[in-house]
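A.B. asks: For reference, the structure I am asking about is given below.
The values are calculated or read from the model by the stated rules, or taken from the named source; none is laboratory data. Note that the coordinates shown come from a computational prediction; the quantities given were computed from them, not determined experimentally. All Cβ positions, glycine included, derive from the backbone under ideal geometry; neighbour counts span all protein chains shown. We work out accessible area using only protein heavy atoms, side chains counted, and drop any ligands, DNA or RNA first. Shrake-Rupley method; radii C 1.70, N 1.55, O 1.52, S 1.80 Å.
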Amino acid sequence: MVNRLLLPAVAASLFALAACNSKSPEVVDTNPDPMAANLAKAAPVELPPAIKADKTMRCKDSSLVYVTFFQGDKQAVVRTKKDGAPVTLKTAEAGKPLTADGGWSMTGDTTEIKLTQPGKSALSCHA
């Protein structure tokens, strides 16, 4: 008996849904982006490089240097103390010495570097 009453109810609900407009609604942008034209003309943005390695290196004078190497080998961050001020060294071409203002210079890779600090002689350091 319940099945006989259920069938007409389901049919009536399906009939009501069939009467709905089956076309998808049209989306109208009533608030266009005022910067859209400027953003379309903008040059592509280059993301900063990802970290390649973060090393603590022991130098020939028994001091420690903390170096963060970045992908692409065009940038490194050097700290002479664990909580010291970071110095960002950069180069335009991979394989060339990384430099920073004030006389900073660094060559090498994640296993061994040669670091020159302002007013000091060059140090050889290894991981």
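A.B. asks: Does Lys120 fit the bill of being in a loop (DSSP other than H, G, I, E, B), on the phi < 0 side of the Ramachandran plot, basic (Lys, Arg) and open to solvent by 60 Å² or more (accessible area, probe 1.4 Å)?
C.D. replies: yes
A.B. asks: Oh, and also: Restricting to region 46-83, and then to whatever is under 20 Å from Pro118 (Cα atoms) and among the basic types (Lys, Arg), can you tell me which residue is surrounded by the fewest Cβ atoms within 10 Å (Cβ to Cβ)?
C.D. replies: Looking at residues that are under 20 Å from Pro118 (Cα atoms) and among the basic types (Lys, Arg), I get Lys82.
A.B. asks: Also: Just the residues that are of a type in the set (D, E, K, R) and touching a residue at least 60 places away in the same chain (Cβ under 8 Å), please, taken from region 61-97.
C.D. replies: Result: Asp61, single match.
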